[in-house]
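Structure first, commentary second.
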Amino acid sequence: MIAEMNFYLTSLGCKLNQAEIESIARDIEHRGHTLVSDVRLADWAIANTCTVTHIAARKSRQLIRYLKRTNPLVRMALTGCYVDISPQEAQFLADVDLIVANVDKNTLLDRLLEFTSAGRVLQDIPIQATPHRLTGGHTRAMVKIQDGCDNHCTFCVVHIARGPQCSVPPEQVIEEMCERLGEGYREIVLTGVNIGAYGRDSAAAAPLLPSENWSLARLVGRILSLPVTRLRLSSIEPWDFAPELLDMWTDSRLCRHVHLPLQSGCEATLRRMGRRYSAADFERLVTQIRAAVSGVSISTDLIVGFPGETDQEFEESFRLVQQLELSRLHVFRYSPRPGTAAIHLPNPVDPRTAQERSQRLIQLGEELAASFHRRFVGREVQVLFEGSRQAAGMTIWSGLTDNYLRVEAPSAIQLANTLTSVHCYQADATGLRGELLTA
Ligand code: SF4
């Protein structure tokens, strides 16, 4: 019998990591233990780490050291991509009790409790992590539908850390959806490493899927048969955006937000990155999505300073992004990651040039975001409110529309987790300001 313990959980990086740490948190509470928001009060700290860039890896290392420095007595369990990729390094960071590989993450709590009862250290694989705040309130829940990736983009360490594509069986996804809906969540976000590949598992990797042909579109259709208020999809690779997926947007509960990672708008750079589309393919897809989904927000990821990226290549990429008028850009400077093919490519871009290119794209992103937001000035939008702040003696509530507009509006009434009509009167790169029409 293990006495009740206090757990401090933290996660770095992507929505998938967030979904996983929230799943561990539910498991902890289900077993009668307590989640605490201060590591000084914890018996155990569990950190879900990230290594997508060298900055994420550094944050993971800092997190591990921070946890142990803040509470030298805390027992620590590490998991996530940083530990999978850099196990030896993680082992030397701090006094870590338990390290669990990504592939065994769903057994982390069992292993931890076994360790606690046996009073011994299990070392499966080394890892690290950063502090994470679990979702506040019951507004938006992340539901993991798959893990891993069978693609080989030359810059990417994630497919190495996460392994082959593996789908969560549809009945398990539906079961989790029903649990989250029962808890009062109004918005569900489907997450994974590569959700567009849902259902395309090799027999060896995923014997869990039933024999029928499953796809992301089919799963979305099944989920929309449930009483879900809002369903949001996380990032989908352009080559996975199947035509039948577009048909799903006839249901207004599917959020009009599509995140399509472009990475570069230059053909030659895309080839070196191992991406499976041309700039023209991407442009065609954006046109199709806009034609099918009115008011859709299309955002993207871009990498600058990829090895061999000349000034001309960058300008080609910049022009395409400018011309596509996407609503939001996530700009990353290329980060050489261990084990990737790109680390061996010649002609590295010097850091100052990469920094300048990054700044130009970030500025373009702000202009495009402001321009997209201005389209909604004078219009009524539906906002799912999440939280509030105090300003000038007023309570200012903040939330998101289905097409990913950040909207703020003053209200003395509690609006958390309500879907509310707002008339927008002002916009900038960060979002919109408005006044409530209903509450
Ligand atoms: S699609 Fe490419 S970038 Fe995305 S996880 Fe797979 S290998 Fe990495």
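The values are calculated or read from the model by the stated rules, or taken from the named source; none is laboratory data. These figures come from a predicted structure and were not determined experimentally. Every residue, glycine as well, gets a Cβ built from its backbone with ideal geometry; the counts of neighbours run over all protein chains shown. SASA here: full protein model, heavy atoms, side chains in, ligands and nucleic acids out. Shrake-Rupley method; radii C 1.70, N 1.55, O 1.52, S 1.80 Å.
Scanning region 21-54 for residues that are closer than 15 Å to Thr191 by Cβ and either of a type in the set (Ser, Thr, Tyr) or more than 22 Å from the chain's Cα centre (by Cα) (or both) turns up just one, Ser23.
Looking at Glu183, is it out of contact with any Lys or Arg (no Cβ under 7 Å at 6 or more places or on another chain), open to solvent by 50 Å² or more (accessible area, probe 1.4 Å), of a type outside the set (Phe, Trp, Tyr) and under 21 Å from Arg333 (Cα atoms)?
Answer is no for this residue.
Scan Asp301, Asp311, Asp281 and give me the residue that is in contact with a His (Cβ under 7 Å, 6 or more places away or on another chain) and open to solvent by 10 Å² or more (accessible area, probe 1.4 Å). It is Asp301.
Checking the stated criteria, Asn347 turns out to be in contact (Cβ under 8 Å) with a residue 40 or more places away in the chain, touching a Pro at 6+ places or on another chain (Cβ under 7 Å) and not hydroxyl-bearing (Ser, Thr, Tyr).
Take Leu260 and tell me if it is under 20 Å from the mean Cα position of the chain (by Cα), buried (at least 21 other Cβ atoms within 10 Å of the Cβ) and farther than 22 Å from Phe282 by Cα. Taking the combined requirement at face value, the residue does not satisfy it.
Give region 103-131 a look and list any residue that's modelled with pLDDT of 80 or more and either out of contact with any Leu (no Cβ under 8 Å at 6 or more places or on another chain) or surrounded by 20 or more Cβ atoms within 10 Å (Cβ to Cβ) (or both), or say none. Hits for region 103-131 are Val103, Asp104, Lys105, Asn106, Thr107, Leu108, Leu109, Asp110, Leu112, Leu113.
Close Cβ contacts (under 8 Å, 6 or more residues apart or on different chains) running from residues in region 410-425 that are on the phi > 0 side of the Ramachandran plot to residues that are surrounded by fewer than 17 Cβ atoms within 10 Å (Cβ to Cβ) and of a type outside the set (A, V, I, L, M) comprise Asn417/Gly137; Asn417/His138; Asn417/Gly184. Within region 279-306, the set of residues being within 16 Å of the ligand (Cβ to nearest atom), over 22 Å from the mean Cα position of the chain (by Cα) and not hydrophobic (A, V, I, L, M, F, W, C) comprises Asp281 only.
Results for (1) basic (Lys, Arg); (2) touching a helix residue (DSSP H, G or I) at 6+ places or on another chain (Cβ under 8 Å); (3) part of a strand (DSSP E or B); (4) at pLDDT below 95, shown as yes or no for each residue.
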| position | (1), (2), (3), (4) |
| --- | --- |
| Ile396 | no, no, yes, no |
| Gly399 | no, no, yes, no |
| Tyr404 | no, no, no, no |
| Val407 | no, no, yes, no |
| Val422 | no, no, yes, no |
| Tyr425 | no, no, yes, no |
| Arg433 | yes, no, yes, no |
| Thr438 | no, no, no, yes |
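Among the residues of region 374-393, which ones are closer than 15 Å to Glu408 by Cβ and surrounded by fewer than 13 Cβ atoms within 10 Å (Cβ to Cβ)? Residues satisfying the conditions are Arg389, Gln390, Ala391, Ala392. Every condition in (1) open to solvent by less than 30 Å² (accessible area, probe 1.4 Å); (2) touching a residue at least 24 places away in the same chain (Cβ under 8 Å); (3) within 16 Å of the ligand (Cβ to nearest atom) is met by Leu270 except one, and the failing one is (2). Only one entry of Ser235, Ser202 meets the criterion of being at pLDDT below 95, over 17 Å from Met177 (Cβ atoms) and among the small types (Gly, Ala, Ser), and that entry is Ser202.
Here Arg357, Arg352, Arg389, Arg319 are screened, and the one residue that is within 23 Å of Ser421 (Cβ to Cβ) and outside any loop (DSSP other than H, G, I, E, B) is Arg389. Residue count for region 187-201 under the criterion of being more than 15 Å from the ligand (Cβ to nearest atom) and either farther than 24 Å from Thr229 by Cα or not in a strand (DSSP E or B) (or both): the result is 1.
Restricting attention to region 244-257, and to residues there that are open to solvent by 10 Å² or more (accessible area, probe 1.4 Å) and not in a loop (DSSP other than H, G, I, E, B), which single residue is farthest from the ligand (Cβ to nearest atom)? Among them, the one singled out is Thr250.
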